[in-house]
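Novice: Submitted below is the structure of interest, expressed as structure tokens.
The values are calculated or read from the model by the stated rules, or taken from the named source; none is laboratory data. Bear in mind the structure is a predicted one, so any value in this text is a computation, not a measurement. Note that we place each Cβ from the backbone using ideal geometry, even for glycine, and neighbour counts take in every protein chain shown. In case anyone asks, the SASA skips ligands and DNA or RNA and just uses the protein heavy atoms, side chains included. Shrake-Rupley method; radii C 1.70, N 1.55, O 1.52, S 1.80 Å.
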Amino acid sequence: TYKVPRPQGYRVSWHANPAVELHHFGQSHPMKPWRLTLTKQLVMAYGMHHAMDLYLARAATYEEMAEFHESDYMDFLRQVMPADMDRSEMGEDIVRFNFGDDCPIFDGLYNYCSLYAGGTVDAARKLCNDQSEIAINWSGGLHHAKKSEASGFCYVNDIVLGILQLLRHHPRVMYIDIDVHHGDGVEQAFWSTDRVLTVSFHKYDKDGFFPGTGALDDTGPTHPLNPGAHHSINVPLNDGIEDDAYIALFHEVIGACVKNYRPSAIVLQCGADSLGCDRLGCFNLNVRAHGACVAFTKTFGLPLLVVGGGGYTPRNVSRAWAHETSILIDADKSLNPTIPETVAARNHFGPDYSLFPPLSEMRRLENKNDRAYLENIVQAVHEQLRYIKG
Ligand code: VJV
Ligand code: CA
Ligand code: ZN
């Protein structure tokens, strides 16, 4: 097997609990927690675990989750069982809290939520204590969950909980979201504060693509007394965006945001459903382009909390997150682009066994983002940033 030498770079911590991976959303539900097992297998086959501090994530406590979520919602989440789905006396709460096909009630649901949330809270605390400079929780990133509502495969918003921890030590936190879906839950949680700047890149189509929010002019409630006005940046994209255009846009938008806002910590959600060939996504990005966003975010040298998110073609999710792990530990240049035999032999990565298959060529969607469309976004972001002072 390969061995990656401990690099001179940042101190990187890895937060995970393998019990998360064993949960099932149900037959043919697109969210597959075993993609995390695949990711871990790749990371270990490359020997990357030797270059990080590994922490077994503990379960977030009820009280920790209740720092954002309402207690009646948390109470329901804690006691609900799969059989309740068909019990009429539970129906009202099931509807009220938005459980159903997207957010099913499965065995161990509360355990699943508290473990992925615990990983993100732990990661944020390590950053605050200076025990880590880059903290990773690939099981987190569940950006749709609301105060009192499950949404889009998300039940507890671990990102909001992580940011709340960071805000105890950091005056300003910037949140970046490259999942193909709009990071609505995080945006909404902080839309009345100027201490968090949220930036989401996503497919936008108000009546066709989930969740339907995140238009360019959706910049947070602009009431004159709201300090959070203008502190939501949205980059709505159309089908088929490709590597070079996405990377250029990411550099321009994020570079300008960091320069103006001057955050003291960054949270990066790396949803891998923005890759080409994703079961739910519609972009044409390759693993390297997705990783280039992680690499650019790291160049600011700020405490960095990295979480996962969407990603519905598990073999590609694991490729992207393993590659991004290598970027974070400064080992990407020394990684063999052919997947080590030990994992490759166990299926999933054939026939090419490449860490970088040509995703954009395998199911090329027409690129509906022309130059003028993207230039208009960049200009609008620059105009919005005039309201933002770090
Ligand atoms: O588009 C929707 C909502 C509907 C109602 C519910 N049906 C099932 C689907 C259409 C309007 N939901 C999206 C949610 C996407 C969540 C993305 C989460 C993240 O990546 O941003 C962060 C983790 C949606 N798109 C596709 C599906 N739901 C979907 C759900 C299923 C399914 C197939 C597709 C649920 C169960 C089963 N198949 C068996
Ligand atoms: Ca997004
Ligand atoms: Zn998504």
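Novice: Which of the residues belonging to the range 346-390 are among the acidic types (Asp, Glu), farther than 15 Å from Ile241 by Cα and modelled with pLDDT under 95?
Specialist: Asp352
Novice: Out of the residues in the range 202-232 that are among the aliphatic types (A, V, I, L, M) and out of contact with any Gly (no Cβ under 9 Å at 6 or more places or on another chain), which is surrounded by the most Cβ atoms within 10 Å (Cβ to Cβ)?
Specialist: Leu216
Novice: Something else: Would a scan of the range 86-100 turn up a residue that is within 16 Å of ligand 1 (Cβ to nearest atom), open to solvent by less than 10 Å² (accessible area, probe 1.4 Å) and not polar (S, T, N, Q)?
Specialist: From the range 86-100, those within 16 Å of ligand 1 (Cβ to nearest atom) are 94-95, 97-100; that's our starting set.
Then keep just the ones that are open to solvent by less than 10 Å² (accessible area, probe 1.4 Å); that gives 97.
From what is left, the residues that are not polar (S, T, N, Q) are 97.
Yes, the range 86-100 contains at least one residue that is within 16 Å of ligand 1 (Cβ to nearest atom), open to solvent by less than 10 Å² (accessible area, probe 1.4 Å) and not polar (S, T, N, Q).
Matching residues to (1) open to solvent by 60 Å² or more (accessible area, probe 1.4 Å); (2) over 17 Å from the mean Cα position of the chain (by Cα); (3) more than 14 Å from Leu38 (Cβ to Cβ); (4) β-branched (Val, Ile, Thr):
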| position | (1), (2), (3), (4) |
| --- | --- |
| Ala322 | no, no, no, no |
| Val343 | no, yes, no, yes |
| Pro351 | yes, yes, yes, no |
| Pro357 | no, yes, yes, no |
| Leu365 | no, yes, yes, no |
| Asp370 | yes, yes, yes, no |
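Novice: The conditions are (1) exposed (fewer than 14 other Cβ atoms within 10 Å of the Cβ); (2) in contact (Cβ under 8 Å) with a residue 24 or more places away in the chain; (3) of a type in the set (A, V, I, L, M), and Leu328 fails exactly one of them. Which is it?
Specialist: (1)
Novice: Moving on. So which helices (runs of 4 or more DSSP H) stay within the range 20-136 end to end and still have 3 or more residues that are small (Gly, Ala, Ser) and modelled with pLDDT of 95 or more?
Specialist: Correct list: 109-128.
Novice: Name every residue in the range 8-36 that is in contact with a strand residue (DSSP E or B) (Cβ under 6 Å, 6 or more places away or on another chain) and either among the hydroxyl-bearing types (Ser, Thr, Tyr) or more than 30 Å from Asn129 (Cα to Cα) (or both), in order of residue number.
Specialist: Scanning the range 8-36 gives Tyr10, Ser13.
Novice: Return the residues of the range 276-286 that are among the aliphatic types (A, V, I, L, M) and either within 11 Å of ligand 3 (Cβ to nearest atom) or not in a strand (DSSP E or B) (or both); say none if nothing qualifies.
Specialist: Step one: filter the range 276-286 for residues among the aliphatic types (A, V, I, L, M), giving 280, 285.
Of everything in the range 276-286, just one residue is among the aliphatic types (A, V, I, L, M) and either within 11 Å of ligand 3 (Cβ to nearest atom) or not in a strand (DSSP E or B) (or both), namely Leu280.
Novice: So which residues in the range 159-193 are in contact (Cβ under 8 Å) with a residue 40 or more places away in the chain, more than 19 Å from Ala117 (Cα to Cα) and open to solvent by 10 Å² or more (accessible area, probe 1.4 Å)?
Specialist: His169, His170, Pro171, Arg172, His181, Trp191
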